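Enquirer: I'd like to ask some things about the structure below.
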Amino acid sequence: MPDPQPPAQPIPEDPAPARTAPPAPDSSEPDPTEPAAARAAAAAAPPVHAFRPGGTWLLGVVLAVLTFWLFAQSLLNVIPTIRESLGMSAAVGDLAVSLTALFAGIFVVVAGGIGDRIGQTVVFRVGIALSILGALLLVLTPAHQGALTAALFLGGRAVLGLSTACIMPSALSLISTFFEGPERQRAVSMFSLGTFGGLGVASLAGGLIAGALGWRTIFLISIAASLLAYWWTRRTPWIRPEPSTAARRRFDWAGLAVFFVALVGLNVYISQGRTLGWTSAAGLGLLALTALAFAAFVALSLRRGADAFIDLRMFSNLRFTGPVVANFPMNSTAAIIIVSLGLMQAAAGWSPLQAGLLTIGHLVCVIAAIRIGEKLLQRLGPKRPMLWGTLSGMVGLLLAACTFLPLPAYAPVTALGLALFGLGQGLFATPAIDATITSVPRDGVGAASGILKMGSTLGQAIGVSAATALSALGRESAPASIAGWAPTGWLEGTDPERFGAMLGAGLLGVIAVAMVLSVLVLVPRSGAPKA
C-alpha cells in the first residue's frame, strides 16, 4: 500500500474531463504588463469549464480546415485552366501549386508554439482571417499583367499557407482540450474528414466549379466557408495557458531562419531545376545552400535543446516519432492525384471535371475508412490500422502508376488505384493523429500538432514539386530517346506525356515503400488506448 499522505486542504470537485485546460487565474490583481485589450477579452470570455462544444462548433472547425484541403488544394487539378486564364508561365504555375503547402509546412510549428504561449483560440481566429485575405488576393488577381499577376497570385497562395499554419495545430489543440477519450477520437475523425476527405474531393469539386462558374468562384466559396467557420466557432473561449517554462522561453528565430532557407532552397531546386539546370552552377549552389542550412538547423536544435525551434528530443518517443515520420510520405504520395489527372487531361484531352470524376472512389473510400480507422484504433491501438492503411495506399499508388497502359484501360485502373489509396489514407488518419496528440503533455499539444501537420503540408509540397518536375522532364524527352531508358525496349513507342507521368509516379512508388517501412519500424506495437 502507498504511504498515507498528509491531509490536504479540500477543494471543490471539478466535473470537467481530466485533460481540459484549467480555468484562468484570478484576475483581481491585473498584470500591469498585460495590454488592457487582452485583459478585457479575457474577462469577457466565458469560463473554459462552462464551454461545451457541440456539433456546429466541430463543423466550424472542419470548415476552417477545408479552406486549405478542399479549396486551396483544388489547384492540383485546375492549374492548367488558371495558367491559361491569367497568362502565367508553367514555372509560375508549378510554384503556385506547391507554395501554399510549403509556407504552411515552414510556419505550422511556429504557429503551434505561439498557440501554446498565448492561447490556441487567438491563433485559430488569425488563421481564419488570413484565409479570407489569401483567397481575396487570388480572386482579385488580374489577367495578363506579367509581374503583377504573378506577384498577386503567388502572394495569395503564400498567405493561404500562413492561414493553414495557424489553423491546423490550433484546431487539433482545441479538440484535445474540449474532448476526451472516444469523444476526442470521434472529433479527430471529423478533423481527418476535413483533411484527407477534403483533398479527396478537391479535384472533383474544383473541376466542377471551374467548369461551370469559373475558377475564381472556388475562392469566393472559400471566403464564405471561412466566414461561416468563424460564426460557428465564435464562442470558443480564450484559454490562457498557465505560466510555464515553455511559455517563458525565448523563441528560436535563428532556427526558424535556417529551416526556412533550407526548405525554400530545396523546393526551388526541385520545382525550377529543369529551368535553372539540374547540374548548373545555380542548381548545385541551391543544393549546397540547402545542405548547409539543414546542417545549421540540426546543430542549432541540438545546442538549444528544449528552446529549439523544433525540439529534436521529442523524437526519442516512438509513439510520437512513428506517426510523424510516416505522415510525411503518406502525404507526399498524394501527388499521384495530380500525376494521374494531369495525364488524362494532357494525353486524352479530358476536361478538369472529367478527370476529377476519377477521384470519386477515392472520396468515398476516405470517408468510409476514416470511421473504420477510428474503431480499429479503439480496439487494436494505432499501429495495425496505420500499417494496413499504408499497405493499401501503396497498392493503390502502384496501380495508378501503370501509365504505360493504353489510355482507355488506364482510366479504370487508376480509378481503382485512387480508391485503394483513399482507403489507406482513411485507415491511417485518425490513429496517426490521435497517437501524436496523446503522446505529449497537455501544454505541448500545439507544438506536437504543428510538427505532425508540418509533415502533412511539407510532404505534399515536396511530393507535388518532385513528381511534377520529373513529369515535366519526361514530357520534354525526345520520343526516340525514351526507348533507351529500358534495355528490353518495352518503352518503345511510349509518347512523352505518358513517359513523364511514369517518371513522376515511379518516384512516388519508391516513397510509398518508405511509407510502409516507416510504420513497420518506427511505430511501437501497443494495445488499444485507454479512454
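What follows draws every value from the coordinates through simple rules; no lab data is involved. Every value quoted in this text rests on a predicted model; they were computed, and no experiment measured them. Here the Cβ is made from the backbone with ideal geometry for all residues, glycine too, and neighbour counts use every protein chain on show.
Enquirer: Against the globular-protein guess of 2.2 N^0.38 Å, express the Cα radius of gyration of segment 252-308 as a ratio, rounded to two decimals. Walk me through the numbers on the way to the answer.
Expert: Values: Rg = 12.9 Å, N = 57, 2.2 N^0.38 = 10.2 Å.
Taking N as the residue count of segment 252-308, the ratio is 1.26.
Enquirer: Read phi for every residue in segment 366-378 and hand back ³J(HN,Hα) as whole Hz from Karplus 6.51 cos²θ - 1.76 cosθ + 1.60, θ = phi - 60°, with x for Gly and Pro.
Expert: 4, 4, 5, 6, 4, 5, 5, x, 4, 5, 5, 4, 5
Enquirer: Could you tell me the center-to-center distance, by alpha carbons, between segment 398-472 and segment 315-379 in angstrom?
Expert: Here the two parts' Cα centres lie 5 Å apart.
Enquirer: A further question follows. Can you tell me which of 354-362, 156-164, 410-418 comes out highest on packing, and rank the rest after it, using the mean Cβ neighbours within 10 Å? Provide the component values of the computation, followed by the final result.
Expert: Values: 354-362: 23.6, 156-164: 25.3, 410-418: 21.0.
By packing density, highest mean first, the sequence is 156-164, 354-362, 410-418.
Enquirer: To continue, here is another question. Given a cut-off of under 8 Å on Cα pairs at least six residues apart, what relative contact order in percent is computed for segment 187-308?
Expert: It comes to 22 percent, rounded to a whole number.
Enquirer: Students often check this: by mean Cβ neighbours within 10 Å, which of 454-460, 88-94, 144-150, 367-373 ranks highest, and how do the rest follow?
Expert: Working: 454-460: 26.0, 88-94: 17.6, 144-150: 12.6, 367-373: 21.0.
Packing proxy ranking, top to bottom: 454-460, 367-373, 88-94, 144-150.
Enquirer: Could you sort the peptides 311-319, 99-107 by per-residue average Cβ neighbour count (10 Å cutoff), highest mean leading? Can you show the working numbers first?
Expert: Numbers: 311-319: 15.1, 99-107: 26.6.
In decreasing order of mean packing, 311-319, 99-107 become 99-107, 311-319.
Enquirer: Relative contact order (percent) for segment 252-308, with alpha-carbon contacts under 8 angstrom and 6 or more residues of separation? Write out the running numbers ahead of the final one.
Expert: Working: 44 pairs, mean separation 26.5, N = 57.
Relative contact order, segment 252-308: 47 percent.
Enquirer: Taking θ = phi - 60°, what integer Hz values does the Karplus form 6.51 cos²θ - 1.76 cosθ + 1.60 yield along segment 384-394, in sequence order, with x for Gly and Pro?
Expert: Karplus values, whole Hz, x for Gly and Pro: 5, x, 5, 5, 4, x, 5, 5, 5, x, 5.
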